[in-house]
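> Got a structure for you, questions after.
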Amino acid sequence: MAFVRAVVQVYAQRGMDPGAALQAAQITPGEVAHEDARITAWQMEALCGAAMHELDDEALGWFERRLPWGSYGMLARASISAPHLGLALARWCRHHRLLADAITLSLSADGAGAAIAIAEHRPLGAGGSLREFCLVSVLRNIHGLACWFVDSRLPLRAVEFPFEAPVHASTYSLLFPGPVGFGAAQAAIHFDSSYLALPLARDEAALRQMLRRALPLTVLQYRHERLLSARVRQLLADDPATLQGATLLAERLNLSPRTLHRQLRQEGSSLQQLKNEVRLGQARQLLRHSDRPIKLVALAAGYANEKSFIRAFRGWTGMAPAQWRAQSRGGV
């Protein structure tokens, strides 16, 4: 509710009534005054959307000048043509200066770690809750967009804020997928630098669609994890021993087997599914490019016997391995 009160504060500073925005979000005046009250992600999205339109300010009072509706969409359009996430984020940080000079965003990378930090050059809003709301929102905004750009959850190594822990500090875990600390020199998010090399998975058409309803990227954590699946798939392909169970694979990833299974479930995948994909790829390669008997192809793909391999292959492709081999080579 502290963030709701920050929005209400902006209305008061501009001599406007927040009633319509609160009603759109189904928040009563009594709830606003309640220190321990909580709202849902949908209510936060509805409130911010209504306020941004009514106040004509996507920054919601954080900066000296308003950011008209579409300002952050302009930054996204300037970044969408980048070949990889690192350049897209660098453009976003650089172009943000054109919108507001009260803060500067910077992207840095050093070895395995990367960070996006916010330098403050003058007071944000009227200080207090507006400053907190600004720093939280700007970091959530760029983090949510980064995840959307590459269609992957981007885990955070650390999140830092330059103020003491607020009374509602426990809710920060709902906003940021990583450990949160307070009392830092500046606001920042830290993450694995390998994500910077990921190619963008979106285009202009996808951007236009997203911008029609972009606020969930700021309000909700991105759930789909693309990089973990890719790493698991690569390890399975490179080392056949990892196909035998989760323990060795989890060790290679510095995870527990339980955590590995849980994170794969969160991204809508499973270890068995990835194993099947790798085995199918190996089997297809051998069937198409070698004359190995089906039994030896089965063993190379990690199956104990020919019968179980044929059954699985038929389930994948709808045909027996021998039939698929003949068809892939231009036979009948």
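The values are calculated or read from the model by the stated rules, or taken from the named source; none is laboratory data. Every value quoted in this text rests on a predicted model; they were computed, and no experiment measured them. Counting neighbours? That spans all protein chains shown, and the Cβs are built from the backbone with ideal geometry, glycine included.
> Check the stretch 136-146 and report whether any residue there is of a type in the set (S, T, N, Q), touching a Lys or Arg at 6+ places or on another chain (Cβ under 6 Å) and in the same structural domain as Val180 (by TED's automatic domain parsing). I'd like the intermediate steps shown before the answer.
First pass over the stretch 136-146, keeping only residues of a type in the set (S, T, N, Q): 137, 141.
So of that shortlist, the ones also touching a Lys or Arg at 6+ places or on another chain (Cβ under 6 Å) come out as none.
No, that holds for no residue.
> For Leu105, all conditions in the list (1) assigned to a loop (DSSP other than H, G, I, E, B); (2) modelled with pLDDT of 95 or more hold save one; what is the number of the exception?
Just one mismatch for Leu105, condition (1).
> Oh, and also: Among the residues of the stretch 110-158, what is the count of those that are touching a strand residue (DSSP E or B) at 6+ places or on another chain (Cβ under 8 Å) and under 20 Å from Leu228 (Cβ atoms)?
Of the residues in that region, 10 qualify.
> Another question, then. For the stretch 179-197, which residues satisfy the criterion of being surrounded by fewer than 18 Cβ atoms within 10 Å (Cβ to Cβ) and not in a strand (DSSP E or B)?
Passing the criteria: Pro179, Gly183, Ala184, Ala185, Gln186, Ser193, Ser194, Ala197.
> What's the total number of residues in the stretch 150-162 that are touching a helix residue (DSSP H, G or I) at 6+ places or on another chain (Cβ under 8 Å) and at pLDDT 95 or above?
Qualifying residue count for the region: 3.
> Ok, one more. For the stretch 269-285, what are the residues that are surrounded by fewer than 19 Cβ atoms within 10 Å (Cβ to Cβ) and in contact with a Lys or Arg (Cβ under 8 Å, 6 or more places away or on another chain)?
Scanning the stretch 269-285 gives a single hit, Glu277.
> Hey, another quick one. Provide a single number: the residues in the stretch 296-332 that are loosely packed, with under 14 Cβ neighbours inside 10 Å, under 19 Å from Leu243 (Cβ atoms) and either at pLDDT 85 or above or more than 38 Å from the chain's Cα centre (by Cα) (or both).
6
> Let me ask another. Can you pull out the residues in the stretch 266-282 that are closer than 14 Å to Ala230 by Cα and within 20 Å of the chain's Cα centre (by Cα)?
Once the filter is applied, which keeps residues that are closer than 14 Å to Ala230 by Cα and within 20 Å of the chain's Cα centre (by Cα), the stretch 266-282 yields Glu267, Gly268, Ser269, Ser270.
> Somewhere in the stretch 111-123, is a residue at positive phi, of a type outside the set (Asp, Glu) and assigned by TED's automatic domain parsing to the domain that holds Ala184?
So far as the stretch 111-123 goes, yes, one or more of its residues are at positive phi, of a type outside the set (Asp, Glu) and assigned by TED's automatic domain parsing to the domain that holds Ala184.
> Could you list, in sequence order, all residues of the stretch 108-120 that are out of contact with any Ser or Thr (no Cβ under 6 Å at 6 or more places or on another chain), surrounded by fewer than 18 Cβ atoms within 10 Å (Cβ to Cβ) and at pLDDT 95 or above?
Within the stretch 108-120, Ser108, Glu120 meet the criteria.
> Name every residue in the stretch 167-184 that is over 14 Å from Val136 (Cβ atoms) and of a type in the set (Val, Ile, Thr), in order of residue number.
Val167
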